[in-house]
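The numbers here are math on the coordinates, done by the rules we state, and not lab data. Quantities reported herein were computed from a predicted structural model and do not represent experimental measurements. Counting neighbours? That spans all protein chains shown, and the Cβs are built from the backbone with ideal geometry, glycine included.
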Amino acid sequence: GAAQMDGAILVVAATDGPMPQTREHVLLARQVGVPYILVALNKSDMVDDEELLELVELEVRELLAAQEFHEEAPVVRVSALKALEGDEKWVKSVQDLMEAVDESIP
């Protein structure tokens, strides 16, 4: 079950930010005892405004902190679609996400 998980990756669309179901997922993760969460900020390729990306990241961090997750949890900007299409920048972003998993989930 979920209680045996070492951690989780919360996927949030950079284009939308945290949605109501995102909050439910974070709450559920806390309730079942998931000890660590990190964030994949997906569709980051579709947001040209750096300030908007920073705002979405801040919202996510506040959401994590509200459920007593570490608000300095890694937030990695990714584009799953662009990575699948072979775009090197975004392939590297997914690799960076996996490195963050290795480093932040004991």
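For GLU50, are the conditions met, namely being among the acidic types (Asp, Glu), under 20 Å from MET98 (Cβ atoms), without any contact (Cβ under 8 Å) to a residue 24 or more places away in the chain and surrounded by fewer than 19 Cβ atoms within 10 Å (Cβ to Cβ)? No; evaluated as a whole, the condition is false for this residue. Is at least one residue of segment 63-70 polar (S, T, N, Q), surrounded by fewer than 18 Cβ atoms within 10 Å (Cβ to Cβ), in a loop (DSSP other than H, G, I, E, B) and touching a residue at least 40 places away in the same chain (Cβ under 8 Å)? Within segment 63-70, one or more residues are polar (S, T, N, Q), surrounded by fewer than 18 Cβ atoms within 10 Å (Cβ to Cβ), in a loop (DSSP other than H, G, I, E, B) and touching a residue at least 40 places away in the same chain (Cβ under 8 Å). Here the condition is being within 25 Å of GLN4 (Cβ to Cβ), out of contact with any Lys or Arg (no Cβ under 8 Å at 6 or more places or on another chain) and among the small types (Gly, Ala, Ser); of ALA40, ALA83, it holds for ALA40 alone.
Taken as a whole, the structure leaves HIS25 outside the set of residues that are closer than 19 Å to GLU99 by Cα and not in a strand (DSSP E or B). When VAL56, VAL12, VAL76 are checked against the criterion of being among the β-branched types (Val, Ile, Thr), part of a helix (DSSP H, G or I) and surrounded by 13 or more Cβ atoms within 10 Å (Cβ to Cβ), VAL56 stands alone in meeting it.
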